[in-house]
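The values are calculated or read from the model by the stated rules, or taken from the named source; none is laboratory data. All values reported here derive from a predicted model rather than from experimental measurement. Cβ placement follows ideal geometry from the backbone for every residue including glycine, while neighbour counts extend to all protein chains displayed. Protein only, heavy atoms only, side chains kept; ligands, DNA and RNA dropped before computing areas. Shrake-Rupley method; radii C 1.70, N 1.55, O 1.52, S 1.80 Å.
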Amino acid sequence: MEDILKNKWQKLDNMAKLFSLSNKKNTNIFRFTVILKQKVNKYILSLALNKTLSTYPDFKVKLRTGMFWNYLEFNKKVPIINQDNNNWNNCISLKENNDYLFKITYYKNILNIDMLHVLTDGIGATYFVKELLYNYLNLKYKLKKIEKSKFVNKNPDIIKYKKKNTKFKLKNNKIYQITDKINSNINNTHHYIIKIDKIKEICKKYETTVSEYLITTYIYALYKTKYNINSKKDIVIAVPINLRKYFKIDTLNNFFVCMNINCKTNTTLTFDNVLNQVKQEFKKKLNKIKIQKYLNRDICLGTNVIIRLIPLYVKKIFMNYLGNNFCKTSTSTLSNLGIIDIDKQYQKYIDNIYVKVKPVKTQKIKCTICSYNNYLNIVINSNIDDKKFQECFLKILKKDDLDIKLTR
């Protein structure tokens, strides 16, 4: 497979086209952090990375500039592994990273894998991260791999999933934006760890799902700490939806759409009031018909005839403007990656795995949720100084008698 890629270029997927045109301040970056039981061995990690790239050659690429769109090309350079400088507020410098669209760093027993959304989405990155972990642990502890690598390389032509007569109308609702001033020198990270059984018990009491409960908590904390009551604008949370389970395919491509959960603020909000609104939004929007409409919207952005024929340098100007305005269609983003399932024989070497997403100019607070080994990880990232929102979020959870471990 690697030999084939050396002589070929690859098209960017539909969403990656748009991500590749965004300016540096709005580049979407997310990080997988793995807490190992023992210190990271850099030499073994480099061997494991080479082995992983031979299985997943779609990650051994660099971004190239074309006439109408950017594209991917085989990267002959060696990937770099560095010690972590604990400064995640910077973007990935492709020049300093040998042009790779992912970056690997470590510190003591902590392993970080940063990804640009141009390369893949959170689910696609999970395949790569798990393979890297398995290869590393196999080499370090001389383990025998139980399963063969799940080589996921079905890169579907997303256009074929567009359906006629499912038009999407973008509503021009007034969306509340967080007004705090950005501090480009900081990256506030609050990491909450909760037992899954306990939070499920609380959700059962409210007759709701974990996602609905946490989005409600998130919105209510925003309302209590960041909302200007005189604005009368909606609080809207963008929730990425994994399309793989709806279209029954595996792919390393970006394959998701965002569902907006709207919360009306035309009355004084209580937790129960917000929860009822969130439940209704999920009931109304989380279905195949609505998801198809979201997909049609995103396909149109990448396949519009007029946009396709505009030279790349003009597209960049246009897309930066469009990207900023598109991000303003929500107050914040909450991503739920679900369970990160690790093969049983490897679990004893790993304390925890969690994910976080870089906040941007238009969304100054972002949240990522995933679970590993019976624990739920909630990570809130912000690029503002004020921490009242994070403190309020924790306080609301504790009202339900949840036992929460907080790290930063």
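Counting the residues of segment 348-378 that are under 14 Å from the mean Cα position of the chain (by Cα) and of a type in the set (Phe, Trp, Tyr) gives 1. Filtered by the rule that a residue be open to solvent by less than 40 Å² (accessible area, probe 1.4 Å) and at pLDDT 95 or above, segment 132-170 gives 132, 133, 134, 135, 136, 137, 138. Whenever a residue of segment 194-212 is within 16 Å of residue 379 (Cα to Cα), its partners that are open to solvent by 100 Å² or more (accessible area, probe 1.4 Å) and outside any helix (DSSP H, G or I), lying with C-beta atoms within less than 7 angstrom and at least six residues away or across chains, give the pairs 195/374; 195/403; 196/374. Taken as a whole, segment 87-105 holds at least one residue that is without any contact (Cβ under 8 Å) to a residue 24 or more places away in the chain, of a type outside the set (S, T, N, Q) and surrounded by 22 or more Cβ atoms within 10 Å (Cβ to Cβ).
Within segment 59-99, the set of residues being of a type in the set (Phe, Trp, Tyr) and either at pLDDT 90 or above or closer than 27 Å to residue 185 by Cβ (or both) comprises 59, 74, 88. Residues that are open to solvent by 30 Å² or more (accessible area, probe 1.4 Å) and not basic (Lys, Arg) within segment 197-215 comprise 197, 201, 206, 207, 209, 210, 211, listed in sequence order. When you look at residue 197, is it charged (D, E, K, R), outside any helix (DSSP H, G or I) and modelled with pLDDT of 80 or more, yes or no? Criteria not met by residue 197.
Quick check: anything in segment 51-68 part of a helix (DSSP H, G or I), open to solvent by less than 10 Å² (accessible area, probe 1.4 Å) and aliphatic (A, V, I, L, M)?
Taking every residue of segment 51-68 in turn, at least one turns out to be part of a helix (DSSP H, G or I), open to solvent by less than 10 Å² (accessible area, probe 1.4 Å) and aliphatic (A, V, I, L, M).
Restricting attention to segment 1-45, the residues that are of a type in the set (A, V, I, L, M, F, W, C), assigned to a helix (DSSP H, G or I) and either at pLDDT 75 or above or touching a Pro at 6+ places or on another chain (Cβ under 9 Å) (or both) total 7.
In summary, residue 223 fulfils each of the numbered conditions (1) more than 30 Å from residue 72 (Cα to Cα); (2) in a strand (DSSP E or B) with the single exception of condition (2). One residue stands out among those in segment 249-274 that are of a type in the set (A, V, I, L, M) and closer than 17 Å to residue 334 by Cα: the one that is surrounded by the fewest Cβ atoms within 10 Å (Cβ to Cβ), which is 259.
Look at (1) at pLDDT below 95; (2) aromatic (Phe, Trp, Tyr); (3) within 19 Å of residue 358 (Cα to Cα) and you find that residue 56 fails only one, number (3).
Scanning segment 215-237 turns up no residue that is out of contact with any Gly (no Cβ under 8 Å at 6 or more places or on another chain), more than 24 Å from residue 388 (Cα to Cα) and touching a residue at least 60 places away in the same chain (Cβ under 8 Å).
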